[in-house]
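What follows is a single structure, written as structure tokens, with notes after it.
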Amino acid sequence: MPRGPDGGPGGGRASHAPFSYFDTQLGFAVRRWCAPVLGLEPHCRPEAYLERRAELGTGEVTGRLLRASGISAFLVDTGLPGPLLTPGELAETSAGEAHEIVRLERLAERAADTARDTHAFLGEVSEGIREAARTARGFKSVVAYRCGLDVEPSPPGASRVHASADRWLSTRPAGGRLSDPVLERHLLWAAVRTGLPLQLHTGFGDPDLRLDHCDPLLLTDFIRATAPYETPLVLLHCYPYHRGAGYLAAVFPHVYADFGLALSHTGARAHAVLAELLELTPFGKLLFSTDAYGLPELYLVGAQLFREAMTRLTSEWVGRGAWSGSDAESVTAMIAGGTARRLYGL
Amino acid sequence: MPRGPDGGPGGGRASHAPFSYFDTQLGFAVRRWCAPVLGLEPHCRPEAYLERRAELGTGEVTGRLLRASGISAFLVDTGLPGPLLTPGELAETSAGEAHEIVRLERLAERAADTARDTHAFLGEVSEGIREAARTARGFKSVVAYRCGLDVEPSPPGASRVHASADRWLSTRPAGGRLSDPVLERHLLWAAVRTGLPLQLHTGFGDPDLRLDHCDPLLLTDFIRATAPYETPLVLLHCYPYHRGAGYLAAVFPHVYADFGLALSHTGARAHAVLAELLELTPFGKLLFSTDAYGLPELYLVGAQLFREAMTRLTSEWVGRGAWSGSDAESVTAMIAGGTARRLYGL
Amino acid sequence: MPRGPDGGPGGGRASHAPFSYFDTQLGFAVRRWCAPVLGLEPHCRPEAYLERRAELGTGEVTGRLLRASGISAFLVDTGLPGPLLTPGELAETSAGEAHEIVRLERLAERAADTARDTHAFLGEVSEGIREAARTARGFKSVVAYRCGLDVEPSPPGASRVHASADRWLSTRPAGGRLSDPVLERHLLWAAVRTGLPLQLHTGFGDPDLRLDHCDPLLLTDFIRATAPYETPLVLLHCYPYHRGAGYLAAVFPHVYADFGLALSHTGARAHAVLAELLELTPFGKLLFSTDAYGLPELYLVGAQLFREAMTRLTSEWVGRGAWSGSDAESVTAMIAGGTARRLYGL
């Protein structure tokens, strides 16, 4: 490693590894599960995989991977940027059903893009949420990214909301993200009042969060404040705070845990993470999802890792008499989709 | 799932699962271990279990389950509400010995119920603790529930204690709980000064705590401040912060870890939680307990899950040469009761 | 257990177990791995081990254990007190190579011991770091011990640094430790600017830290602020926050995780801790080390526990098809030394 005198930003001397997303549990899991679907050996070299992927073309690859995943119903957060499949395209490609989950921050940002003043903005947000509640299956919030989960629990008063909206709209650069905590709480409470399931990002994700501000336990007071509404709160991902999420699901009737990307990204360790979630989470309150987005590989990997992990855990538990075989089957069915069907009205 | 317009509290639309306490690891463990003691097949249906339980009657069920647990000495927190067995009744029913652990908050609340003024209240608290030290085997605090574990470490001065007691007594509704942090510290220090073991609730429990305020590491400065007294501090439950509890037991001579309800509630995963506790906790500083209360099932489940988990872990470790067989036996004996006998003078 | 009236400090009545460092996972691992190297049976009694050790003498014991560890390159923090082997002596005894890691706090404390005024002190610190960058392979900070990891992220301005140094030097008792947060940040940033790897103590260690102030996630904003410099930040130990460390290594290109003493101290559970580190940490960003210091046993135990744990995990993963055999080999080689060779320029 070359070394020398002071280096400023950009002048760092360290030669970091030619980092590859393939050198992770997720990368290994992609080569294991997806390569055969594209006609390659499991664990083929990354270069071979990418070559074959290009050769087949995105449409063919997406169709193959989606169908191989065996997922029959998709709940799609439509608030992500980029040229992604719509729920309709996803349904068609996969031969499954697909429904929309509305991202609250995106809804507010779209309203801010066009509203002529604060009053109109707030009206559009309210109307947007009311509209969405008629067609979507749930809401999602990324307040974890925007200001962390340690939000004040109560709904903000109308005048504070108005003042915050005023300030945000008047200083917002074009396309600026919502991160005002008062407006975030306003959105969360508006969603809670619809009664539709509200998904909350918790735990790990992209680099633009502070992981220690995403511990779902930080939501405890908000959870307590919303309990009377009985609106389901679905804690997504949760890792590495998933045991705390299980606790919340155990003590609050309206709280659910969804392992989201936690299984996909831990690959060969997915069974261990799932096992920890199954310590305290009541069995009817844990949900499968993949957090797949952009890459169709994530659907297949997420589904296969869950199947393998669940089979492994329940085989072991049934084998030593801790669970009965029929309990294992019914719990598996609940996590794989039964609970989601009930919760989201599929 | 039915959906509709805004619903206020009580008008939530979500239909939560008909939640059953049987749909948890604890519920599965009860059906596994307790059903045979009542003459049923392991994993029989919950309804069959409840029916049989009613048929046999509470006295018979309690006796059977307690004796089957194989527990020979009980340390009973007598500060819980409700018509529970007294230590004497417990001893008689189980054919074991039973001793009292005095809950500090309850002692103070009883004093507040009858004291005619602040001076009398504080005198009664002091006298009560002195009295208890003559007959009980230890004290317990639920400061975790009342104001969280992030308490100031030092003993509060007499005038602050007096002022806080004044304020509490003058505003306390009938039967009101103690949650004043100054009075809590006063109680903790009074107990520490007796030299008797002081149990501290840490980690998970009922919904009226903030789990993230119950991390035993929040007690670090209090632990450091009390070290010169050499009074044993016993951290109860600890989950999901049990690795931190193990660390505290490793670095502070007077700190012990007791897994309490952590094994009962994680059922098929009890071995995994126990294994994590056995990472840093010195082997002579880890204690078995069940946190059983109300339901006699909890005694049997707690005892059986510990036996099974410990056997499993030590078999594995001895099998691959990491531990010797005789070490495994002696560590098991310490955790199962040897350390408790020494610590509580049984 | 004897009990009695109030006992003040020093008058505590509790009789704590005759605590032995052998009654821990580390103690069991020492008896397992080191006893045979000294010609004894694995798991021989502690007394027999200590007797044999005395009989052979420190020089012979050190040589045997170091050579048995199979470690070929040592990176030695030279900022510890006590009569320890120098890197040169270590290299000679082990027949390996040894290099220096410079502890920032020690460097500053040495400068404070001799500098005649604040200006001279700060000059000497700057010069010392510049000097060290020419010969050492990296820097190390124990800011975790001195003021916790929740430091302000940005480099402090020159006048604040000067004022803090002034204050520290004028109030410092002879040999006093550095714990001023402004001076700590000054040191950290000076090290970052050299481009050499900077090791940061995180997670557990000696009793004089607050473990909850050593969560590596508390460094997130500092990590973000230093990203443009591309200087490698190596998070040491990390336990029990190692999953968070893995996350940081996954999302920040310049962050690495080193398990340090986490494997040695968890003994029979080393594979479980390593497995958790291998959930999110990219495989080229995890490093082996032993944190050995003082006792040569720690080198052998650290190396053997890693070998055994890694073999066990990869055998299992390859056995069920999650990893390929050649991937297992190459990842093992990276963790065992490949990444360290690249990072530290060995």
Unit charges on C-beta of K, R, D, E only; dipole of the protein assembly as shown, Debye: 260 debye
Rel. contact order, % - alpha carbon contacts under 8 angstrom, at least six apart, segment B:80-210: 31 percent
Label-point gap, in nm, between A:D221 and C:D166 - each point 7 angstrom along Cα→Cβ: 4.0 nm
Label spacing, shortest first and in nm, from B:P153 to its equivalents in the remaining copies (7 angstrom along Cα→Cβ): 3.0, 3.0
Calculated from backbone phi, Karplus (6.51, -1.76, 1.60) coupling profile of segment A:86-95 in Hz, x at Gly/Pro: 6, x, x, 5, 5, 4, 5, 5, 9, 6
Averaged over C:283-293, number of beta-carbon atoms from partner chains that fall within 10 Å: 2
P(r) weight above 16 Å for segment A:150-230, C-alpha pairs, percent: 59 percent
Orientation-averaged projected area, Cα convex hull of the protein assembly as shown (nm²): 43.5 nm²
Centre separation in Å (Cα based) which lies between segment A:159-225 and segment C:197-225: 28 Å
Total charge dipole magnitude, chain B, about the Cα centre, Cβ charges on Lys, Arg, Asp, Glu only, Debye to nearest 20: 160 debye
Amide hydrogen neighbours beyond the local backbone of B:T231, cut-off 5 Å, H modeled: none
Kirkwood hydrodynamic radius (C-alpha pairs) into Stokes-Einstein, chain A, 10 °C and 1.306 mPa s, D in µm²/s: 73 µm²/s
Estimated vicinal HN-Hα couplings, Hz - segment C:192-209 in sequence order (Karplus 6.51, -1.76, 1.60; Gly, Pro = x): 4, 5, 6, x, 6, x, 10, 8, 10, 5, 9, x, 6, x, 6, x, 7, 10
Normalised convex hull volume, segment A:170-321, alpha-carbon set, Å³ per residue: 133 Å³
Interchain or long-range residues, amide H under 5 Å from B:L75's placed H: B:H99
Set of lysines near B:K140 by C-alpha distance (under 28 Å), chain-local residues within fewer than 8 positions excluded: B:K285
Across the identical copies, how the A:Y293 labels are spaced - nm, sorted shortest first, 7 Å along Cα→Cβ: 4.2, 4.2
Under Karplus coefficients 6.51, -1.76 and 1.60, residue-wise ³J(HN,Hα) of segment B:244-250 in Hz, glycine/proline x: x, 5, x, 4, 4, 5, 6
Inter-copy spacing of C:P228 label points, which lie 7 Å from Cα along Cα→Cβ, given in nm from shortest upward: 5.1, 5.1
Where N is the number of residues in segment C:110-248, Cα Rg divided by 2.2 N^0.38 Å: 1.04
Amide proton proximity set for B:L287, modelled H, under 5 Å, gap of 5+: B:A257, B:D258, B:F259
Cα-centred dipole magnitude for segment C:261-346, charges only on beta-carbon of K, R (+1) and D, E (-1), debye, nearest 20: 140 debye
Cα centroid separation - segment B:269-337 against segment A:272-346, whole Å: 28 Å
Spin-label model distance (nm) - B:E92 vs C:S20, 7 Å beyond Cα toward Cβ: 4.4 nm
Farthest toward positive dipole pole in segment B:156-248 [+1 Lys/Arg, -1 Asp/Glu at C-beta], among B:V161, B:G205, B:T231: B:V161
Axis-nearest residue in chain B [Cβ, rotation onto A], distance in whole Å: B:A272, 5
Residue mean of other protein chain beta carbons inside 10 Å, C:310-322: 3
Label zone at B:L84 (point 7 Å along Cα-to-Cβ), backbone N below 14 Å, segment B:142-172: B:142
Distance (nanometres) between label positions extended 7 Å along Cα→Cβ at A:E131 and A:R312: 4.6 nm
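Here, each number is a calculation from the coordinates, and none is a lab measurement. It should be emphasised that the depicted structure is a prediction, and the values quoted were computed from it without experimental measurement. Backbone-built Cβ (ideal geometry, glycine too); neighbour counts: all protein chains shown.
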